[in-house]
1. Name the residues in the range 73-111 that are outside any strand (DSSP E or B), β-branched (V, I, T), out of contact with any Gly (no Cβ under 6 Å at 6 or more places or on another chain) and modelled with pLDDT of 90 or more, would you?
2. Out of all the residues in the range 278-300, which are away from the ligand (no atom under 13 Å from the Cβ), in a loop (DSSP other than H, G, I, E, B) and out of contact with any Pro (no Cβ under 8 Å at 6 or more places or on another chain)?
3. Can you pull out every residue in the range 42-72 that is within 24 Å of the chain's Cα centre (by Cα) and of a type in the set (S, T, Y)?
4. Tally the residues that are surrounded by fewer than 19 Cβ atoms within 10 Å (Cβ to Cβ), of a type in the set (S, T, Y) and more than 21 Å from D210 (Cβ to Cβ), restricting the search to the range 34-68.
5. Between a residue in the range 278-296 that is over 21 Å from L193 (Cβ atoms) and any residue that is among the β-branched types (V, I, T) and within 10 Å of the ligand (Cβ to nearest atom), which pairs come within a Cβ distance under 8 Å, given they are 6 or more apart or on different chains?
6. Go over the candidates E282, E264 one by one and state the one that is surrounded by fewer than 20 Cβ atoms within 10 Å (Cβ to Cβ) and either modelled with pLDDT under 95 or closer than 22 Å to Y494 by Cα (or both).
7. Restricting to the range 235-246, name every residue that is surrounded by fewer than 20 Cβ atoms within 10 Å (Cβ to Cβ) and in contact with a helix residue (DSSP H, G or I) (Cβ under 7 Å, 6 or more places away or on another chain).
8. How about the range 31-64: which of its residues are touching a Lys or Arg at 6+ places or on another chain (Cβ under 6 Å) and within 20 Å of L249 (Cα to Cα)?
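The values are calculated or read from the model by the stated rules, or taken from the named source; none is laboratory data. Keep in mind it's a predicted model, so treat the numbers as computed, not measured. Backbone-built Cβ (ideal geometry, glycine too); neighbour counts: all protein chains shown.
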Amino acid sequence: MKEACGVFGVYAPGKGVAQITFDGLYALQHRGQESAGMAVSDGEAITVVKDMGLVTTVFDERTLSCLPGDLAIGHTRYSTTGDSSWRNAQPVYRPVGRSGFALGHNGNLTNTAALADKAGMLPGVVASDSDLVAELLALAYPADPADGLGPLDGLGPLGGLGPSDGADTGTADTGTAVGLSAPVHDRRLEAALKEVLPQVEGAFSFVLLDSTQVMGVRDPNGLRPLCLGRFGSEARPEGWVLASETPALDVVGAHFVRELAPGELVIIDASGVRSERLFPEEQVQPRLCIFEFVYFARPDSRLYGREVHGARRRMGELLAHQAPVDADLVMGVPESGVPAAEGFARASGIPSGQGLVKNRYIGRTFITPGQAARDAGVRRKLNPLRENIAGKRLVVVDDSIVRGTTQRAVARMLREAGATEVHLRISSPPLVWPCFYGIDIPDRDELVAANMSIEEIREFLGVDSLAYLSLENLQAAIDAPGAGFCAACLTGEYPVPPPFEADVPAALSSAHG
Ligand code: SF4
């Protein structure tokens with residue numbers, strides 16, 4: 001299973017924003033490894049650098065030193081729409097207004113075709129849904145600067161860049177030496193967002209930048225995460241950060257402030273941070289992707305106020321109560337199966353240990369056609385520890401089963417290494433529906449659980465027993481009472497209607513909640 005992008009934004013004059021963005025993207029590398037990029041503004045001009053590859057491949061010291069600026073956004077990409085090519089690397093840039101704007105997107109839109117059609121775009125004109133949104137924003141950008149310029153009338157600040165943040169007067173507090181000089185506020189990008197985003201459906205966490213402002217916005221269901229951090233103290237902020245996950249704040253030395261609310265637009269400039277709501281209240285229903293907890297997010301991430309590692313450990317504990325088994329050793333499939341294995345061992349009293357070693361230098365799993373090639377791909381990634389395994393009855397804990405490729409190869413590998421029994425425990429329910437919101441969960445015909453019974457899957461994988469965590473136990477493990485989740489790939493209940501052509505029973509989808 002693949003994630004779909006990490007986004008980052010920073011407003012921190014005088015702090016070396018290119019290096020900060022690099023560090024933030026590096027912490028978000030697990031969310032996408034196909035391309036990386038950043039857009040940096042020095043207050044006048046925007047420079048965009050992006051290329052195919054990992055963050056460390058695209059940027060080096062020399063590149064970063066050529067990117068002076070006070071504000072920046074960054075992006076790491078895994079493609080779920082559009083092909084994997086330079087043209088689709090982000091941020092995307094549009095040269096409108098004073099200096100243009102740049103945009104980075106995490107998520108996937110569900111009404112791309114309708115939006116392109118409505119805007120009169122011919123098929124093939126836009127390369128991806130991010131490209132489409134940038135195009136729509138450029139079209140909606142007020143032509144007359146007077147339409148978008150003005151003081152911060154009637155908008156309450158959430159924080160400023162100094163003891164006097166200047167928000168009342170619409171001027172920067174230059175006395176703190178951290179604010180850009182911004183005598184007038186260019187509201188054109190904000191105006192374009194307010195016009196375009198209410199028409200956009202699906203999953204989006206965007207970061208945007210023009211010459212003097214950084215913005216972040218989440219879709220009304222908050223399907224993909226986005227959080228706000230701060231440099232300096234609450235009383236004396238020295239800059240602001242936006243990031244897909246909290247570890248990106250930690251590595252750049254920013255304090256976590258809060259998660260952006262579903263449907264919220266945050267605007268950061270010399271005056272501080274402002275918040276706007278772009279969607280009618282009835283449309284705003286929190287539905288964070290539940291797989292952020294199961295698999296996608298880093299274990300040290302905090303979502304809904306809960307650390308992901310603890311939730312994964314509790315998934316394992318509840319799995320041990322739900323599907324106990326007699327065994328000699330509990331082992332997790334590295335990396336994301338390991339915390340749940342720790343929980344399973346703790347709750348069952350069965351010793352835990354390492355049974356597989358992962359090659360740390362494999363950046364991504366290669367999708368190769370054919371079962372033999374896929375098995376070879378798994379062998380390239382994982383290798384058994386024979387002395388730990390030989391003669392033992394094993395409980396193997398993994399986070400999810402998509403096609404079953406990895407688990408089948410792992411079971412064979414463990415038996416060849418001498419395991420006498422292999423009992424597979426999965427810390428999430430069966431994946432039976434595709435994802436339309438930016439996660440690469442394929443068509444139903446490729447999802448093993450959509451086409452086989454549990455017993456058939458057990459036989460196909462070659463394991464002695466198989467059990468999945470129930471949805472109730474998954475939610476209990478996350479332990480965020482009242483928090484809303486998307487679990488459509490498990491239940492078929494889509495919070496946003498899937499595209500028309502989707503192979504999903506209409507009765508199962510519910511509009512906006
Ligand atoms: Fe996440 Fe599944 Fe919902 Fe996609 S369908 S957003 S993977 S919970």
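1. V96
2. Listed by number, the list holds a single entry, P280.
3. Passing the criteria: T56, T57.
4. The number of residues fulfilling the criteria is 4.
5. C289/I439; F291/I439; F296/I439
6. Unique residue meeting the criteria: E282.
7. none
8. So the first thing to find is which residues in the range 31-64 are touching a Lys or Arg at 6+ places or on another chain (Cβ under 6 Å), and the list is 32-35, 37.
Those that are touching a Lys or Arg at 6+ places or on another chain (Cβ under 6 Å) and within 20 Å of L249 (Cα to Cα): G32, Q33, G37.
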